[in-house]
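What follows is a short report on a single structure.
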Amino acid sequence: MLFSREYKKSDSIVNVGELRIGGTDPVNIFGPCAVESYRQTSSVASMLADRGLRIMRGGAFKPRTSPYDFQGLGEKGLEILAQIREQYGIAVVSEITAPEHVELAEPYLDVFQIGARNMQNFELLKAAGRTDMPILLKRGLSATLEEFLCAAEYILAEGNQQVILCERGIRTYEKSTRNTLDISAVPLLKQASHLPVMVDVTHSTGRKEIMLECARGALAAGADGIMAEVHPEPVMALSDNKQQMSFAEFDNFYTNLL
Ligand code: PEP
Ligand code: MN
């Protein structure tokens, strides 16, 4: 298998502009759950750029549990991200949810995210594999590590070697967190595969009061970076309004993570 350490012994590095994901220093990806407006997204970009961060996230196509919830701004959201990339010189990461988004989204983005709900959308994986865009692939809600790695293989097998794995919590019986962060996935994935591994502490825990400890734990376990959500006004957010950090909460999180 192309993902495996048997196939390639040395750690793979995914290059996003001058950023090296999987290199010696962690690369963290922060930003709002969804792109809601130019104003909201640029406010986050400006705050991140002030702290020296060179990459941000923001969803334009939001895979929501309920069809009546905010679904994202779609192409308008991608346009906002591209505008922000230009203005702040910051790389942008956003989720694509259908094979036809590949061609649509490529000019606007630096990294395609494939979310937990689409980890086994094989046509999407193959379409993403036919590009040379970096792909941030999230672990499915109930996916085993083997299934997760096989999903990555679909991308690699089409020729795209720029894959980042992202642990984002799995379904268990435990109700005190949104999902159960599987820390053991980090060293297991690093041992089985040469691909970089990130950990999303927002969607795994859903609890701001433990995100810092979980992020530290992930880095100690060998993660190549952390993903977390931050919003200028979390209570007003159109998605994930309980788990996005305010700028003050983010400051505390980020300062203590370093
Ligand atoms: C996200 O990162 O915006 C997201 C929806 O995460 P996940 O696919 O892990 O649920
Ligand atoms: Mn979210």
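The values are calculated or read from the model by the stated rules, or taken from the named source; none is laboratory data. Given the structure is predicted, the values throughout are model-derived calculations rather than measurements. In this analysis, Cβ positions are derived from the backbone assuming ideal geometry, glycine residues included, and neighbour counts consider all displayed protein chains.
Within 18 Å of the chain's Cα centre (by Cα), within 16 Å of ligand 1 (Cβ to nearest atom), surrounded by 24 or more Cβ atoms within 10 Å (Cβ to Cβ) and of a type in the set (D, E, K, R): is that true of residue 64 in this structure?
On the way: within 18 Å of the chain's Cα centre (by Cα): yes; within 16 Å of ligand 1 (Cβ to nearest atom): yes; surrounded by 24 or more Cβ atoms within 10 Å (Cβ to Cβ): no; of a type in the set (D, E, K, R): yes.
Criteria not met by residue 64.
Check whether at least one residue in region 35-49 is assigned to a helix (DSSP H, G or I) and without any contact (Cβ under 8 Å) to a residue 24 or more places away in the chain, and report yes or no. Let's see the steps before the verdict.
Narrowing region 35-49 to residues assigned to a helix (DSSP H, G or I): 38-49.
Right, trim to without any contact (Cβ under 8 Å) to a residue 24 or more places away in the chain and you get 39.
Yes: region 35-49 contains one or more residues that are assigned to a helix (DSSP H, G or I) and without any contact (Cβ under 8 Å) to a residue 24 or more places away in the chain.
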Testing residue 218 on (1) under 17 Å from residue 53 (Cβ atoms); (2) not in a loop (DSSP other than H, G, I, E, B), one condition comes back false. Which one is that?
(1)
Given (1) of a type outside the set (Phe, Trp, Tyr); (2) out of contact with any Leu (no Cβ under 9 Å at 6 or more places or on another chain); (3) more than 12 Å from ligand 1 (Cβ to nearest atom), identify the lone condition not met by residue 182.
(2)
Can you spot a residue in region 231-240 that is assigned to a helix (DSSP H, G or I), closer than 27 Å to residue 121 by Cβ, within 16 Å of ligand 1 (Cβ to nearest atom) and hydrophobic (A, V, I, L, M, F, W, C)?
no
Identify the residue in region 163-180 that is surrounded by fewer than 24 Cβ atoms within 10 Å (Cβ to Cβ) and of a type outside the set (Ser, Thr, Tyr) and, among all such residues, is nearest to residue 127 (Cα to Cα).
170
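Among the residues of region 113-123, how many are more than 24 Å from residue 81 (Cα to Cα) and either in contact with a helix residue (DSSP H, G or I) (Cβ under 7 Å, 6 or more places away or on another chain) or within 15 Å of ligand 2 (Cβ to nearest atom) (or both)?
Going residue by residue through region 113-123, those that are more than 24 Å from residue 81 (Cα to Cα) are 120-123.
Now restrict to residues that are either in contact with a helix residue (DSSP H, G or I) (Cβ under 7 Å, 6 or more places away or on another chain) or within 15 Å of ligand 2 (Cβ to nearest atom) (or both): 120, 122-123.
Matching residues across region 113-123 total 3.
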Just to be sure I understand the filter: pairs with C-beta atoms under 6 Å, separated by 6 or more residues or on different chains, first member in region 225-240 and without any contact (Cβ under 8 Å) to a residue 60 or more places away in the chain, second member within 12 Å of ligand 1 (Cβ to nearest atom). Which pairs pass?
234/244
Filter region 241-258 for residues that are within 16 Å of ligand 1 (Cβ to nearest atom), under 18 Å from the mean Cα position of the chain (by Cα) and either assigned to a loop (DSSP other than H, G, I, E, B) or farther than 26 Å from residue 63 by Cα (or both) and give the result.
241, 243, 244
Output yes when any residue across region 124-143 is buried (at least 16 other Cβ atoms within 10 Å of the Cβ), modelled with pLDDT of 95 or more, hydrophobic (A, V, I, L, M, F, W, C) and within 16 Å of ligand 2 (Cβ to nearest atom), and no when none is.
yes
Which of the residues spanning region 10-34 are out of contact with any Leu (no Cβ under 9 Å at 6 or more places or on another chain) and part of a loop (DSSP other than H, G, I, E, B)?
10, 13, 17, 18, 23, 24, 25, 32
